[in-house]
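In what follows, a structure is listed as structure tokens, so that the remarks can point back to it.
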Amino acid sequence: MISTEKIEAAKEKFGQLLEQQLLRVEEMKLQGDFIDYNTLEQIKIGVCGGDGIGPAITAQAQRVLEYLLKDEIKGGKVVFEIIEGLTIERRAEEKAAIPPAVLEELKKCHVILKGPTTTPRKGDPWPNVESANVAMRKELDLFANVRPVRIPEQGIDWTFYRENTEGAYAVGSKGVHVTEDLGVDFTVVTSQGTERIIRAAFEFAKANGKTRVTAVTKANIIKTTDGKFLDIFREIAKEYPDITSDDWYIDIMTAKLVDEKRRKDFQVVVLPNLYGDIITDEAAEFQGGVGTAGSANIGKKYAMFEAIHGSAPRMVQEGRDIYADPCSMIRAGAMLLAHIGYIKEADKLYQALDICTITEKKVILTGRDTGATSAEFADYLMETIENLA
Ligand code: IPM
Ligand code: MG
């Protein structure tokens, strides 16, 4: 028996989703340009430790940034603000992806350094609150998830521009169980949301001497939303005649990234949310794992920088959080520095990270007491920076 009542209830929910998404379109239409950090009297950096090993590694990243920005801090040009409360316990208690008081504090900052936060899944002891990352990306409209992967010795220098607020994530926690037997999720694409991410990818390419931008979709099957993404990509590409543009389907792209002869050719890759989520983990794996990668979440008004790995609660349970590798958070910190205009400081930090983790490796992290603590590694990194100058 087909239940008309259930279909009507599902339509009602669908209607509400559409209303919310259309409101978002109107908001995007009103959006101004990117904030110019040069014009600010003071740049406020919010620091959220998150869960699990988050507070331990974020604290080390903060130490390194404070060291690199010591003159700016002294002169009052930069301030750090610790924001407490973005923890799974507090989020569970308040049944909120981000507790409202925390969100209010976040909105007072210009940029945010954020440690990993726990995302509850079915079977966990926590209520099913939405991922804090996803919520923050939406609340602060951080539409561009920029994830670089570099392996110089293999000629790999990729920058992924993952759309961060739409696609399968836009209403990911608002699917509909129409009946006991039928579940439906939604994927969302808008002209405004697609244009801004594609333009950001081309502008990055132009500003950084990149000669190729690649779009990744599954437009042969997901015809409406991925089709729209690809159409807009092709339109915007015409505005950048000096940059080669091409497009691949996600399945073959996943294969091509493993193809050692072809993968070097990719430079800037722009893609919808879920494909970006998947392929950036694959890409990071070539670089040494998700633990080595930092990620920038950039919007016109706010920007947030984070590691792409999880909160590793087991390390904390076993008392090993002081031995956690802080490199991903420190890399996120380097992206933050570059984003707010401290390019020289960011370059020094990248250079020191290469020395400390590849060429010299005088302090080794093993994740347990057989190796150095995160704080010892950060000391080594700062000494290395000191000796660069
Ligand atoms: C990422 C993560 C998140 C995502 C999770 C933790 C919600 O995998 O940043 O890639 O899916 O976006
Ligand atoms: Mg991911």
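What to note about this one:
- Nearest-ten-degree value, helix 225-237 long axis tilted from longest Cα axis of the chain: 60
- Here segment 239-261 and segment 91-109 have alpha carbon centers that stand 39 Å from each other.
- Ordering 193-201, 328-336 by mean Cβ neighbour count within 10 Å, with the highest value first, yields 328-336, 193-201.
- Between Thr224 and Asp265, the simple label model (points 7 Å from Cα in the Cβ direction) yields a spacing of 3.4 nm.
- Stokes-Einstein diffusion for segment 97-187 at 25 °C, viscosity 0.890 mPa s, with a Kirkwood radius from C-alpha pairs, works out to 154 µm²/s.
- Pairwise FRET efficiency - Ile278 versus Thr366, Cβ, R0 = 25 Å, nearest 0.05: 0.30
- Length available on full extension from Asp379 to Arg212: 0.36 nm per residue minus the Cα-Cα distance, which gives 56.2 nm.
- Over the chain, volume per residue of the alpha carbon convex hull, in Å³: 160
- Mean Cα-pair separation over length for the chain, i.e. relative contact order, pairs under 8 Å, 6 or more apart, %: 20
- Here segment 165-232 and segment 317-370 have alpha carbon centers that stand 32 Å from each other.
- Accessible area of the chain belonging to carbon and sulfur atoms, whole % at 1.4 Å probe: 52
- For q = 0.11 Å⁻¹, Debye-computed log10 I/I(0) when each Cα of segment 1-145 counts as one equal scatterer: -0.57
- Simple label model, 7 Å out from Cα along Cβ direction - Glu12 to Glu89, nm: 4.0
- Of all lysines in the structure, the ones whose alpha carbon falls short of 18 Å from that of Lys95, not counting any fewer than 8 places away in one chain, are Lys122, Lys138, Lys174.
- Helix 273-287 axis versus longest C-alpha principal axis of the chain: approximately 30°, rounded to the nearest ten.
- With a cut-off of 13 Å between beta carbons, the residues surrounding Gly15 carry a summed charge of 0, where Lys and Arg count +1 and Asp and Glu -1.
- Ranked from largest, the principal axis spans of the Cα set of segment 210-282 equal 30, 29, 17 Å.
- Potential lengthening of the chain between Lys44 and Ile151 amounts to 35.3 nm, from the contour at 0.36 nm per residue minus the alpha-carbon distance.
- Taking Cα atoms only, the orientation of helix 191-207 departs from the longest principal axis of the chain by about 30 degrees.
- Additional length obtainable on full extension of the chain from Lys256 to Val79, 0.36 nm per residue less Cα span: 59.4 nm
- Relative contact order (%) - segment 243-382, alpha-carbon pairs under 8 angstrom, separation at least six: 17
- Segment 1-127 - accessible surface per residue (Å², probe 1.4 Å): 58
The values are calculated or read from the model by the stated rules, or taken from the named source; none is laboratory data. Values in this document were obtained by computation on a predicted structure and should not be read as measured data. Using ideal geometry, Cβ is built from the backbone for each residue, glycine included, and neighbour counts are taken over all protein chains shown. Ligands, DNA and RNA are excluded from the accessible area calculation, which covers all protein heavy atoms including side chains. Shrake-Rupley method; radii C 1.70, N 1.55, O 1.52, S 1.80 Å.
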